[in-house]
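The values are calculated or read from the model by the stated rules, or taken from the named source; none is laboratory data. Keep in mind that this is a model prediction, so the values were computed, not measured. Glycine also receives a Cβ, built like all others from the backbone with ideal geometry; neighbour counts cover every protein chain displayed. The area values use the complete protein model at the heavy-atom level, side chains included, leaving out ligands, DNA and RNA. Shrake-Rupley method; radii C 1.70, N 1.55, O 1.52, S 1.80 Å.
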Amino acid sequence: MPDSEPSRRNWRCLWRREFGCWCVYLAIAIYASWPLCLAPTSTISIGFENEATVPLLNVWTLWWNTDRTAVGFRGYWDAPIFYPTTGTFAFSEAQPTMALMSPIVWLTGSRILAYNVYLLLILSLNGYSSRCLLRRIGHQSWLAFVGGVMCQMLPFIWWQSGVVQLTSLFGVVWTIYALLDMFDVPTLRYDADADPAASILQLVLRGLRLGGAFCLTYLMCNYWGLFLTLLLVPSSVWLWNFNLLRLRFWIPLVVGGLLSALLLWPLVTVQRSLAAEHQWSRDQSWIRDLSAHARDFTDTPATPPSHERTIPAVHVDGETPADPPAPVVWSRVPRLEFPEEARENVWPLGGGTLKLLLVPVGLIASLFVRGRRRWGLFAATFALVAFGMSLGPTVMVHPSIPRIGGEIPYEWLQQYVPGFKLIRSPFRFALFVQLAVVWLSVEALDLLNPWRWWKRPLRKPPEVPLEEFDPAVEATEAYVHPALRNPPPSIFPLVQQWVMLGLMIASSLVLIGEVWPPRQSMYHHQSLGTPSWIMWLRENSRPDEVVVCLPFPTGYTVGDYQETSLWMYWGTMHGRPLVNGYSGFFPHHFVDLKEKLQRAGTQLKMFPWDSQGLKDLNVCQARFVVVKRTFATRDDVWQHPLTKFRWAWVTADEEHQLDVYEIEPVDPD
């Protein structure tokens with residue numbers, strides 16, 4: 001009992017310290033994403049993109065997760081898009097971890113607020129988890145904190161901040177943390193005095209941490225789960241140290257594997273069955289165009305002021321705001337949503353020039369510290385493998401090598417690794433390159449750490465007492481004053497320690513500020529209340545009655561689908577199934593309908609009298625058509641022969657300039 005109170009006090013201090021560190025990282029995330037927090041219920045960060053298609057898709061994804069959470073995830077995969085196709089929620093990243101934001105949606109009704117909280121939580125945990133990993137490696141508190149900030153500010157994360165699942169780095173970091181615990185040699189040795197049951201329980205808990213961290217990574221971003229698996233297999237070779245021959249190594253590995261299989265099997269099974277049913281595939285030319293080049297890793301999104309340009313903020317209804325837009329720092333970033341025939345020479349995939357120069361220094365420094373040699377080799381291998389993967393199918397084996405000459409290693413992965421052939425963007429491996437570069441940069445900074453070279457630095461050396469003169473002993477020796485026999489300790493080491501500490505802090509701040517993210521462009525939603533046409537649908541239609549919204553997208557880029565993502569956002573308010581939809585993959589019937597409508601024109605008055613697209617639209621089992629007046633007015637609908645007697649006007653929304661029509665089940669004629 002006497003020890004319980006000090007132990008409790010220590011735990012309280014630990015929790016306060018860790019919570020304080022997380023709050024600091026949260027404050028940094030808020031500052032870096034400014035002015036997002038000025039209007040968290042009406043503003044979405046879209047990163048460096050010109051459109052909000054993907055962020056709005058993720059807002060819709062969050063809503064569907066919270067909606068299904070309220071009913072015990074019943075009908076989870078049958079999302080209300082692409083009617084009548086089933087299993088449509090698996091056409092893109094499901095991100096079931098978004099269900100954690102359900103209380104915010106239930107209490108406030110704001111999907112955008114919940115989305116912004118989710119984004120800031122991810123950004124803050126990225127930094128905090130990286131700090132914990134570096135502390136686990138053995139770094140001093142300041143260096144661990146600085147490393148966490150650099151991981152939080154990785155250029156790739158802020159470049160792709162409009163795709164929220166690609167910002168989720170902390171699952172990757174926690175998986176590596178758990179992996180290091182599993183390979184921790186001292187704890188895997190057999191101890192004759194230890195309780196066998198307690199030892200097995202500890203190994204099982206380590207396995208549960210490893211499996212839970214990997215499941216979290218995959219559930220938040222399928223990309224990162226698959227990529228991390230491919231990177232850890234070769235990189236962890238340096239951590240083996242004969243552990244593969246020990247049973248105590250396999251216990252947590254098996255437990256973690258079983259937990260991962262149990263939690264991920266339902267998701268993976270649905271994904272594989274739908275991929276086979278709909279014959280999903282990726283064009284190899286797209287994959288090649290979306291592969292990195294070696295020189296891309298020398299450039300970052302931070303560019304000179306001459307690259308500034310103005311990006312107009314956009315309302316949810318697609319209108320340009322009346323206020324003049326603010327200038328946003330831009331970089332030489334191509335439009336990645338569609339493979340370019342004339343690719344720009346440089347993409348901003350680098351983590352910073354100074355960090356890149358410190359990588360070899362950090363690797364060499366880690367090799368001279370016992371306990372970090374394997375970590376340094378792990379980080380270097382992690383970076384090299386990720387770099388090779390990011391090049392995609394643009395690299396082949398030299399023809400002079402027998403049997404495999406001319407082969408493309410990336411195609412081997414597509415052939416033998418399940419799900420890898422559906423990966424469209426190999427350049428995203430750059431995130432892991434940047435992460436490993438930060439790890440090795442921290443190792444280089446550790447060379448300036450006084451605690452590396454002195455056990456108790458920054459302390460004045462103790463005074464040495466003067467020896468008293470003993471004439472019996474020193475009678476034969478020449479007299480020397482006691483101050484000369486015992487000189488005071490030198491102050492030079494203390495000065496040297498303070499100088500090294502100042503250099504370490506200054507260098508850390510320089511590395512943090514080297515790639516500080518530029519101001520993000522924002523997407524503004526200023527509609528107040530629920531639109532009248534949505535209220536009419538709620539009151540005059542059943543929840544299972546289908547709605548089709550016009551116009552359909554007329555192109556193939558992400559920007560062309562922004563209006564579709566807006567219809568999906570409005571669908572979170574009325575809850576009716578939509579024929580429209582946007583996702584990573586599209587069902588065949590939707591593509592056919594889109595092609596037919598696209599060939600007819602961009603307005604109803606351009607459609608021929610026998611338009612096959614309109615004929616299919618009339619028989620697609622939809623009851624209501626929501627039409628923007630930029631596509632067709634009431635006069636246009638009345639004048640076209642395929643809509644004159646089939647579409648009955650029921651209501652209008654003057655604020656949003658659209659009309660709602662009911663499709664008659666049978667042509668009166």
Exercise. Could you do me a favour and compute the accessible area per residue for the stretch 60-160, 1.4 Å probe, result in Å²?
Key: 28
Quiz item: Probe 1.4 Å, all protein chains in place: accessible area of R68 in Å², nearest 10?
Solution: 40
Exercise. With a 1.4 Å probe and all protein chains in place, put V510, V173 in order of accessible area, largest first.
Key: V510, V173
Self-check item: Sequence of C13, C620 from largest to smallest accessible area, 1.4 Å probe
Solution: C13, C620
Practice problem: Quote the accessible area belonging to C37 in square angstrom, nearest 10, computed with a 1.4 Å probe and with ligands, DNA and RNA left uncounted. | Solution: 50
Quiz item: Tell me, what is the percent relative contact order of the stretch 1-120, built from C-alpha pairs under 8 Å that lie six or more residues apart?
Solution: 26
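Counting Lys and Arg as +1 and Asp and Glu as -1, what is the net charge of the other residues whose Cβ lies under 12 Å from the Cβ of L134? Before the final figure, lay out each step's value.
Working: positive: R131, R135, R136, R372; negative: E443, D446.
The answer is +2.
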Self-check item: Cut-off 11 Å between beta-carbons: net charge of the residues surrounding A632, Lys and Arg +1, Asp and Glu -1
Solution: +1
Quiz item: Roughly how many debye, to the nearest 20, is the charge dipole of the stretch 215-300 about its Cα centre, given +1 on each Lys and Arg Cβ, -1 on each Asp and Glu Cβ, and no other charges?
Solution: 400
Quiz item: Would you list T530, T66 from the most to the least accessible area, probe 1.4 Å?
Solution: T530, T66
Exercise. Could you sort out which of K355/K455; K421/K596; K596/K628; K355/K421 sit more than 23 Å apart by Cα distance in this structure?
Key: K355/K455; K421/K596; K355/K421
Quiz item: Taking all protein chains as present, what is the carbon and sulfur share of the accessible area of the stretch 560-624, in % to the nearest whole number, probe 1.4 Å?
Solution: 51
Self-check item: Per-residue SASA entry for W60, accessible area with 1.4 Å probe, Å² rounded to 10
Solution: 10
Quiz item: Non-local amide H neighbours of F48 (under 5 Å, H modeled in plane, Pro and chain starts lacking H): which ones?
Solution: S161, G162
Self-check item: Heavy-atom surface of the stretch 375-463, accessible at 1.4 Å and reported per residue (Å²)
Solution: 47
Practice problem: Give the carbon-plus-sulfur fraction of the accessible surface of the stretch 229-277 in %, rounded to a whole number; probe 1.4 Å, heavy atoms of protein chains only. | Solution: 80
Quiz prompt | Residues of the stretch 579-622: accessible area per residue with a 1.4 Å probe, Å² | solution = 48
Quiz prompt | Surface share of carbon and sulfur [accessible, 1.4 angstrom probe, percent] for the stretch 1-119 | solution = 67
